[in-house]
Amino acid sequence: MSRILSGIRPSGQLHLGNYLGAIKQWIALQDQHQAFFMVADLHAITTPYEVESLQPQIRETILDYLAAGLDPAKTTLFIQSQVPAHAELMWLLSTITPIGELQRMVQYKEKSAANPDFQNAGILNYPILMAADILAYKADRVPVGDDQGQHVELARDVAKKFNRLFGQTFPEPLAVFGGGKRIMSLANPMEKMSKTGGEGIALTDEESTIKKKIQKAVSTSEPRVIREAFRAAEQGERGPEIQWQGDPTLLKQFHGVRNLFTILLVLGLPKDTAQWKAAAEAGKIQFSQFKPTLATIIAEHFAPFRARREQLAKDETFVRGVIDEGGLKANQVAEQTLAEVQAKMGLR
């Protein structure tokens, strides 16, 4: 059985984009692989954050994992910082990672530009820590979004180089793009949905909150935009890289409407999608009607999630047990890998 690892930063409430882009795939994968899923708190501190909010957000992320359907009987759920081998292995791997490879990373450039007053080595070294996350468990598959593919390639290169220098140790991990949908910001559909502000739909949001957020989402009354946006969503085309051949001033509207239709196609029942597809093809959708309907579809889909999460939040003993047991399992595997690496590098 192959081994997989993935994780999400605890930087706010998990949202619809996290679920459709990652967790929905994780739930399926946990039945097919030996799975390790972490709360990536060491990654979270590379960008500005509130110290007093970090621990509550870590716990909230674990609750979201469990409520969404990740099963501690099938997978190992753990908190990254509670496994010291991640940080130590990162240091060892950093000694064989070229600086140039880190500097060319797209996310390094983006995060540096987005946080000009928070420049730190952690942003540059982020991919080495991600490589350590993966290689500590000798994972051969890494389910990630498109934006993380470059980091998995670096982990693969580091594994290959370590094996060449010190002897066969690591499998060469492959990124798994599992067909998850990239859900964009409601306010700016050229960017990914965020966990902060009103541009994202948290999995815990009630219907009234979802309606308010969806109501503000970018849309249009232009028939061609509506038709082509639905077709793009139906074909599974992803993100702002999609080519729009129409009026450049309508680019944002195209992506905003495509984003809404993508959510409909994933969460809606066949009767819902058939009705709105016909209206989209005719270019006659009234978004004053469509948006409240979509909000109800989202709210009803996640009603069981909200109910499970509410029950889990009351069972501190169970949640604490999941965290402790997951940390124990993760430490056992990661420490064994670290010891092997230390020995091969002459440190033992």
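The values are calculated or read from the model by the stated rules, or taken from the named source; none is laboratory data. Bear in mind the structure is a predicted one, so any value in this text is a computation, not a measurement. No Cβ is skipped: glycine too gets one built from the backbone with ideal geometry, and neighbour counts run over all protein chains shown. The area values use the complete protein model at the heavy-atom level, side chains included, leaving out ligands, DNA and RNA. Shrake-Rupley method; radii C 1.70, N 1.55, O 1.52, S 1.80 Å.
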Within the range 36-71, whose backbone N sits under 16 Å from a point 7 Å along Cα→Cβ of A307? 67-69
Quick one: 3J(HN,Hα) in Hz for the range 64-79, Karplus 6.51/-1.76/1.60 with θ = phi - 60°, rounded, Gly and Pro as x. 5, 4, 5, 5, 6, x, 6, 9, x, 7, 10, 9, 9, 9, 8, 9
Cα-centred dipole magnitude for the range 80-173, charges only on beta-carbon of K, R (+1) and D, E (-1), debye, nearest 20: 260 debye
Once a ≥ b ≥ c are taken as the square roots of the eigenvalues of the Cα gyration tensor of the range 1-106, is the result rounded (a/c under 1.5), prolate (a/b larger than b/c) or oblate (a/b not larger than b/c)? oblate
The long-range amide H neighbours of L174, using H built 1.01 Å from N in the peptide plane and a cut-off of under 5 Å, are R141, V142
Just how much of R156 is accessible, in Å², when a 1.4 Å probe is used and the result is rounded to the nearest 10? 60 Å²
Among P143, F162, F177, the residue whose Cα sits farthest towards the positive end of the charge dipole of the range 80-209, when +1 is placed on the Cβ of each Lys and Arg and -1 on the Cβ of each Asp and Glu, is F162
Counting only protein heavy atoms, what percent of the accessible surface of the chain is carbon or sulfur at a 1.4 Å probe? 52 percent
Label-point separation (nm) for R231 and Q168, each offset 7 Å from Cα along Cα-to-Cβ? 5.1 nm
Among I79, I214, W91, which residue has its Cα positioned farthest towards the positive end of the charge dipole of the chain, with +1 placed on the Cβ of Lys and Arg, -1 on the Cβ of Asp and Glu, and the dipole taken about the Cα centre? I214
Once all protein chains are kept in place, D117 shows an accessible area at probe 1.4 Å, nearest 10 Å², of 150 Å²
Simple spin-label estimate for Q107 and T209 in nanometres, 7 Å along Cα-Cβ: 2.6 nm
Report relative contact order for the chain in percent, whole number only (criteria: Cα-Cα under 8 Å, sequence separation at least 6). 22 percent
With x for Gly and Pro, the residue-by-residue ³J(HN,Hα) of the range 259-268, computed from phi through the Karplus equation 6.51 cos²θ - 1.76 cosθ + 1.60 at θ = phi - 60° and given in whole Hz, is 4, 5, 5, 4, 4, 4, 5, 7, 9, x
Where only alpha carbons of the chain are counted, the Rg and the Dmax (Å): 21.3, 70
Keeping every protein chain present and rolling a 1.4 Å probe, give me the accessible area per residue for the range 72-124 in Å². 52 Å²
Per-residue HN-Hα couplings for the range 272-286 [Karplus 6.51, -1.76, 1.60; θ = phi - 60°; Hz; x = Gly/Pro]: 5, 5, 5, 4, 6, 5, 4, 5, 5, 4, 7, x, 10, 5, 9
The chain - mean residue ellipticity at 222 nm from DSSP helices (-39,500 (n - 2.57) per run, n ≥ 4, rounded to 500): -17500 deg cm²/dmol
Provide the solvent-accessible area of E316, counting protein heavy atoms only and rolling a 1.4 Å probe, rounded to the nearest 10 Å². 90 Å²
Ranking F36, F118 from most to least accessible area with a 1.4 Å probe gives F118, F36
Which one, I123, A233, Q30, is farthest towards the positive end of the dipole of the chain when Lys and Arg carry +1 and Asp and Glu -1 on their Cβ? A233
Can you compute the charge dipole magnitude of the chain about its Cα centre, using +1 on each Lys and Arg Cβ and -1 on each Asp and Glu Cβ, nothing else charged? Give it in debye, rounded to the nearest 20. 620 debye
Restraint check, K111/K211; K252/K291; K211/K271, Cα-Cα greater than 28 Å: K111/K211
Charges at C-beta only: +1 for Lys and Arg, -1 for Asp and Glu. How large is the resulting dipole of the range 131-229 about its Cα centre, in Debye rounded to 20? 80 debye
